[in-house]
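Asks: Just passing along the structure, written as structure tokens.
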Amino acid sequence: MATTDKLLKAFQEFDAANGEDPNTEKYMGNSYPKEVLYAIRMTEKLNDFEPEAAEALRLTARCQHICRWQIPRESYDMNRTGYLKWRQDLKKFHAQKAAEILEKVGYSQDTIDKVSFLLQKKSLKKNEDTQTLEDVICLVFLEYYFEPFAEEHTEDKIIDILQKTWRKMSEKGHKAALGLPLSGKSLALVSKAIA
């Protein structure tokens, strides 16, 4: 899929917004604002998983966590209800932030609406782009964030999370997940979860 100047400009604007993330992550000897690194990983994974992805999907992958630190999980009740409310509010917040940037860059309302639709994960399992986005999110989680996450939780909780993750993915996503460069320990947990 051709990369337009407008797409690159949107990526720059998304990365500039995410560049204000006070949380950092070390990767390959460099330090990154956490959400910038996540956005780059999302773009790289989408390019690998679905090289012909439409522009709206490419935009969505890059801004999936836009300015996420501004609505911390701790600002909601630390229970399932609080977690679900936080997730819903984040989706709306990401859609609004992305819309402001896309409008500034000069995208049409149609593209802005598509990105908003995808950011809110509408029609999962029914809409091909929503499903591709979810697959990419799950693949990025499994490759880069699963192992540190697993170290902080009980095996029962990890298995539960992996099973929920697996249910959200497509067959193509499952195949890609089993080809990820996971450690022996992580692969054993995934195998146990999907058995």
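Asks: Taking every pair of alpha-carbon atoms in segment 153-195, what share in percent sits in each 10 Å bin, from 0 to the bin with the longest distance?
Replies: Once binned at 10 Å, the Cα pair distances of segment 153-195 give 28, 61, 11.
Asks: Next up: Determine the alpha carbon to alpha carbon distance for each of Lys97/Lys126; Lys92/Lys172; Lys45/Lys157; Lys9/Lys45; Lys92/Lys121 and list only those over 18 Å.
Replies: Over 18 Å apart, Cα to Cα: Lys97/Lys126; Lys92/Lys172; Lys45/Lys157; Lys9/Lys45.
Asks: I've got another one for you. Along the charge dipole of the chain, Cβ charges K/R +1 and D/E -1, which of Pro33, Ala10, Gln88 sits furthest on the positive end?
Replies: Result: Gln88.
Asks: Using r as the Cβ-Cβ distance of Ser191 and Ser75, and R0 as 35 Å, what FRET efficiency do you calculate, to the nearest 0.05?
Replies: Calculated value: 0.45.
Asks: Quick check: residue separation of Asp110 and Asn47 times 0.36 nm, minus the Cα distance between them. What number comes out in nm?
Replies: 20.4 nm
Asks: Suppose each label sits 7 Å from its Cα in the direction of the beta carbon; what would the Leu180-Lys92 distance come out to in nanometres?
Replies: 3.1 nm
Asks: Semi-axes of the chain's equivalent ellipsoid from the Cα gyration tensor, sqrt of 5 times each eigenvalue, largest first, rounded to whole Å?
Replies: Here the semi-axes work out to 27, 19, 17 Å.
Asks: In addition: Kirkwood Rh, segment 103-184, all Cα pairs: how many Å?
Replies: Kirkwood hydrodynamic radius for segment 103-184: 14.3 Å.
Asks: Which of Ile101, Ile40 has the fewest other C-beta atoms within 10 Å, and how do the rest follow up to the most?
Replies: Ile40, Ile101
Asks: Treat each spin label as a single point 7 Å out from the Cα along the C-beta direction, and report the Lys122 to Ile40 distance in nm.
Replies: Reported label-point gap for Lys122 and Ile40 is 3.3 nm.
Asks: Go ahead and set up a Gaussian network model of the chain, Cα springs under 10 Å, then flag whichever of Glu20, Glu151, Glu100 fluctuates most.
Replies: Sorting by GNM fluctuation, first place goes to Glu151.
Asks: How long is the gain from Asn23 to Asp5 if the chain were fully straight, where each residue apart is worth 0.36 nm and the alpha carbon distance is subtracted?
Replies: Once the chain is fully extended between Asn23 and Asp5, it gains 3.6 nm.
Where a number appears in this text, it was derived from the coordinates with a stated rule and is not lab data. On a predicted model such as this, the values are computed, not experimentally measured, just so you know. With ideal geometry, Cβ positions are generated from the backbone for all residues, glycine too; neighbour counts draw on all protein chains shown.
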